[in-house]
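In what follows, a single structure is set out as structure tokens and then discussed.
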Amino acid sequence: MRTLEHFPNLVTMFFTRAREQADQPFLWRKQSGKWQSISWGEAAKQVAALATALKAKGLQPGDRVMLVSENRPEWCISDLAIMAAGCVTVPTYITNTERDHAHIIENSGAAAVIVSTAKLAKTLMPAVLRSVAVRLVIGIDDIRMGQVGASDHCHWRDLIDEHATDPAKVAATATFDRDDLACIIYTSGTGGAPRGVMQHHGAILHNCEGCVTVISEDFGWEDEVFLSFLPLSHAYEHTGGQHFPIALGAQIYYAEGLDKLASNIEETRPTIMVVVPRLFEVLRTRITKAIEKQGKMPAYLLDRAVSIGAKAKDGRVPLYDRPMQMILNRTLLPKIAQRFGGRMKAMVSGGAPLNPEVGTFFQSLGLTFLQGYGQTEAAPVISCNRPSAGLKMDTVGPPLKNTEVRIAEDGEILVRGELVMHGYWRNEAETARVLKDGWLHTGDVGEIDERGRIRITDRKKDLIINDKGDNVAPQKVEGMLTLRPEIMQAMIAGDRKPYMVAVIVPDPEWTAEWCAKNAETCDFAKLAQDHDYRAAIGHAVERVNRDLSQIERIRRFIIADEPFAIENEQLTPSLKIRRHVLRRVYGERLDALYRG
């Protein structure tokens, strides 16, 4: 069994693998219809050159560098170069609004920004121009930004060409240790404003070491291939889809997009995939429909496969089902495996809660499906299912190697180990709230079963996690909605769903004015069905959406039956909304918004 060396930092790990792999392919992208690779050696040269350029431009150790880019080889090279220069990467979502960018620039005090395209620069640059901290703007593509204020504007490729150097020299300067800050990843808090999670080198390396142990012990560590498609600005992909493959010396293919993901999987034949539950829900639907179109027999085999999988315990099929299992192993299952490239070892789901039925479906089709658990504050993986611990779809597996997990008296899951963040950037109050005596208070409620596997039973923290694993702070969005004169109260929902929906209580004074203007009787029940009235409220929602990121925007809404009040138990005595009560009252109608 191979084990991962104990590296002092992420940069040393990368340069070590680059020296070992040299001319072997590392990063792949599709250009002109063909997959083209950058070797480990070439990537190391580009990392070394860009790191040298950043220093030459005056960046100092500890300076923050904001990275705004879609997944592509330059993302990985930039991230590693920033750290090789002794600086700190600040990844941001490409879906961020100008206001989001402005907050992160101001809060992080970013001294430089790397942006990939003109489209992304259009949203970013107004925030950069208002900043007094940003001294350098680097465009990966030719973004032709024009006026950039006091900032120096450079082209990514020019910087690399002008500062070519020996990677070994740059590698030798990577003397920082595991406690040093590697990146600040911004994640939504309950108050609305994103908080900067300080991930040190050791936290991410701890994750890599734990994940390598799972692969090495349960599957065998060989020539691994990853397909990257989750946003690299997300902690899950940043660690699991980039640094974990580097630890393994693996190849990374960058997917062309969700619409081409299925064909990309067949073309690249990955051995490991880091995924979110939403992808599997989509794939399950596509697979089911495709097989049903093939006729009654394939559909019957699919039903039998899922039925047998649901009855299997710890991977063992009941004796009376084994003849059918043999038939499935020769007919349906090889075809399914081919759709996933034919050499998939494991698909690891994280970032959001998984419906156990979805996991059982894929496990039944012969695909090893591992559900993990974590959060950005833990770099982010805390635990992961693994065959040796017994696969159980309603658990998230045992903790990673060298990770302590215990259950507090109130049921909250507490975590301790090198993976735990050092705190929130410039936010001592929030840091003190979640870090106590070295233990990370996750805000999740759970239990540990007899085999050491964690089971999540509830969530203490008041955050919505959509089906892609993105965090949405409901109070922020609800507060913005209720600032509109048309809206008195609101509750948003969208946990494990593809988008946000809302329950809205219209403002009674605005409603009275609207009725007078439109010669309508103010019958609340009738107004809720009135097209023009709903459209007027919809316009208010749209005005709020303009200032929200894509993941926060309200796609659909319903009008409440009555105002939220203490008397109907929909408000607490301190006038906070009781989400569990509102979900009970409006849950079915909110769920219907995803079907219509």
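With respect to the conditions (1) more than 21 Å from residue 204 (Cα to Cα); (2) in contact with a Gly (Cβ under 8 Å, 6 or more places away or on another chain); (3) assigned to a loop (DSSP other than H, G, I, E, B), residue 367 lacks only one, and its number is (2). Restricting attention to region 463-487 and to residues that are polar (S, T, N, Q) and surrounded by fewer than 19 Cβ atoms within 10 Å (Cβ to Cβ), the residue that is modelled with the lowest pLDDT turns out to be 475. Residues that are at pLDDT 90 or above and under 30 Å from residue 280 (Cβ atoms) within region 496-515 comprise 497, 498, 499, 500, 501, 502, 503, listed in sequence order.
Selection of first residues in region 52-69 that are in the same structural domain as residue 116 (by TED's automatic domain parsing) and of second residues that are of a type in the set (Ser, Thr, Tyr) and part of a helix (DSSP H, G or I), restricted to Cβ pairs under 9 Å at least 6 apart or on distinct chains, gives the following pairs, ordered by first then second residue: 64/108; 65/78; 66/108; 67/78; 68/123; 69/78. Considering only region 488-512, state which residues are farther than 30 Å from residue 354 by Cα and surrounded by 14 or more Cβ atoms within 10 Å (Cβ to Cβ). Scanning region 488-512 gives 488, 489, 505, 506, 507, 510, 511. Considering only region 190-267, give the strands (runs of 3 or more DSSP E) lying wholly within it that have at least 3 residues that are outside the structural domain of residue 105 (by TED's automatic domain parsing), closer than 28 Å to residue 103 by Cα and touching a Ser or Thr at 6+ places or on another chain (Cβ under 7 Å). By residue number, 195-200. Residue count for region 538-554, restricted to those that are surrounded by 15 or more Cβ atoms within 10 Å (Cβ to Cβ) and touching a helix residue (DSSP H, G or I) at 6+ places or on another chain (Cβ under 9 Å): 8.
When you scan region 418-430, do you find a residue that is touching a residue at least 24 places away in the same chain (Cβ under 8 Å), closer than 29 Å to residue 10 by Cβ and assigned to a helix (DSSP H, G or I), even just one?
At the first step, the residues of region 418-430 found to be touching a residue at least 24 places away in the same chain (Cβ under 8 Å) are 418-427, 430.
So of that shortlist, the ones also closer than 29 Å to residue 10 by Cβ come out as 418-427, 430.
Narrowing the set further to residues that are assigned to a helix (DSSP H, G or I) leaves 430.
Scanning region 418-430, I find at least one residue that is touching a residue at least 24 places away in the same chain (Cβ under 8 Å), closer than 29 Å to residue 10 by Cβ and assigned to a helix (DSSP H, G or I), so the answer is yes.
When we screen 588, 567 for residues that are closer than 25 Å to residue 278 by Cβ and exposed (fewer than 12 other Cβ atoms within 10 Å of the Cβ), the only hit is 588. Selection of first residues in region 279-308 that are closer than 29 Å to residue 351 by Cβ and touching a residue at least 60 places away in the same chain (Cβ under 8 Å) and of second residues that are part of a helix (DSSP H, G or I) and among the aromatic types (Phe, Trp, Tyr), restricted to Cβ pairs under 6 Å at least 6 apart or on distinct chains, gives the following pairs, ordered by first then second residue: 284/361. Within region 39-69, take every residue that is surrounded by fewer than 20 Cβ atoms within 10 Å (Cβ to Cβ) and polar (S, T, N, Q) and give me the one that is farthest from residue 24 (Cα to Cα). By that ranking, first place goes to 60.
So that you can scan it fast, the table gives a plain yes or no per residue for (1) without any contact (Cβ under 8 Å) to a residue 40 or more places away in the chain; (2) touching an Asp or Glu at 6+ places or on another chain (Cβ under 8 Å); (3) not small (Gly, Ala, Ser):
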{"residue": "509", "(1), (2), (3)": "yes, no, yes"}
{"residue": "535", "(1), (2), (3)": "yes, no, no"}
{"residue": "541", "(1), (2), (3)": "no, no, yes"}
{"residue": "551", "(1), (2), (3)": "no, yes, yes"}
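Restricting region 316-350 to residues that are in a loop (DSSP other than H, G, I, E, B) and of a type outside the set (D, E, K, R) leaves a set whose member that is surrounded by the most Cβ atoms within 10 Å (Cβ to Cβ) is 350.
If you go through region 452-491 and keep only what is within 15 Å of residue 404 (Cα to Cα) and either among the small types (Gly, Ala, Ser) or in a loop (DSSP other than H, G, I, E, B) (or both), you end up with 452, 453. Applying the set (1) touching a helix residue (DSSP H, G or I) at 6+ places or on another chain (Cβ under 8 Å); (2) modelled with pLDDT of 95 or more to residue 210 leaves exactly one unmet item: (1).
One residue stands out in region 1-34 among those that are surrounded by fewer than 21 Cβ atoms within 10 Å (Cβ to Cβ), of a type in the set (Val, Ile, Thr) and modelled with pLDDT of 95 or more: the one that is farthest from residue 252 (Cα to Cα), namely 12.
Sort out for me the strands (runs of 3 or more DSSP E) sitting completely within region 93-177 that have 2 or more residues that are under 25 Å from residue 230 (Cα atoms) and either in the same structural domain as residue 52 (by TED's automatic domain parsing) or in contact (Cβ under 8 Å) with a residue 40 or more places away in the chain (or both). Step through it out loud before you land on a result.
Values: elements: 112-115, 136-139, 152-155.
The strands (runs of 3 or more DSSP E) meeting that bar are 112-115, 136-139.
State whether one or more residues within region 309-319 are of a type in the set (Asp, Glu) and closer than 21 Å to residue 287 by Cα. So that I can check it myself, show each step before the final result.
Going residue by residue through region 309-319, those that are of a type in the set (Asp, Glu) are 314.
Checking which are closer than 21 Å to residue 287 by Cα leaves us with none.
No, the conditions are met nowhere in region 309-319.
Consider residue 257 carefully, then state whether it is over 28 Å from residue 79 (Cα atoms) and either at pLDDT below 90 or in contact with a strand residue (DSSP E or B) (Cβ under 9 Å, 6 or more places away or on another chain) (or both). Talk me through it step by step, then tell me what you get.
Numbers: over 28 Å from residue 79 (Cα atoms): no; either at pLDDT below 90 or in contact with a strand residue (DSSP E or B) (Cβ under 9 Å, 6 or more places away or on another chain) (or both): yes.
Judged against the criteria, residue 257 is not a match.
Entry remark, region 366-415: residues being at pLDDT below 90 and either closer than 23 Å to residue 459 by Cβ or buried (at least 22 other Cβ atoms within 10 Å of the Cβ) (or both) number 8 in total. Per the listing 492, 464, 448, the residue uniquely among the hydrophobic types (A, V, I, L, M, F, W, C) and touching a Gly at 6+ places or on another chain (Cβ under 7 Å) is 464.
Does region 26-41 hold any residues that are touching a residue at least 12 places away in the same chain (Cβ under 8 Å) and either touching a Phe, Trp or Tyr at 6+ places or on another chain (Cβ under 8 Å) or within 19 Å of residue 141 (Cβ to Cβ) (or both), and which are they? First the steps, then the outcome.
At the first step, the residues of region 26-41 found to be touching a residue at least 12 places away in the same chain (Cβ under 8 Å) are 26-30, 35, 37-41.
Selection gives 26, 27, 28, 29, 30, 35, 37, 38, 39, 40.
Evaluating residue 359 against the criteria (1) small (Gly, Ala, Ser); (2) buried (at least 21 other Cβ atoms within 10 Å of the Cβ); (3) more than 16 Å from residue 309 (Cα to Cα) leaves one unmet condition, (3). Screening residue 497 with (1) out of contact with any Cys (no Cβ under 9 Å at 6 or more places or on another chain); (2) free of Cβ contacts under 8 Å to residues at least 12 places away in the same chain; (3) more than 25 Å from residue 103 (Cα to Cα) gives one miss only, at (2).
The values are calculated or read from the model by the stated rules, or taken from the named source; none is laboratory data. All values derive from a computational prediction rather than experimental measurement. FYI the Cβ positions are ideal-geometry reconstructions off the backbone, even for glycines, and counts take in every protein chain you see.
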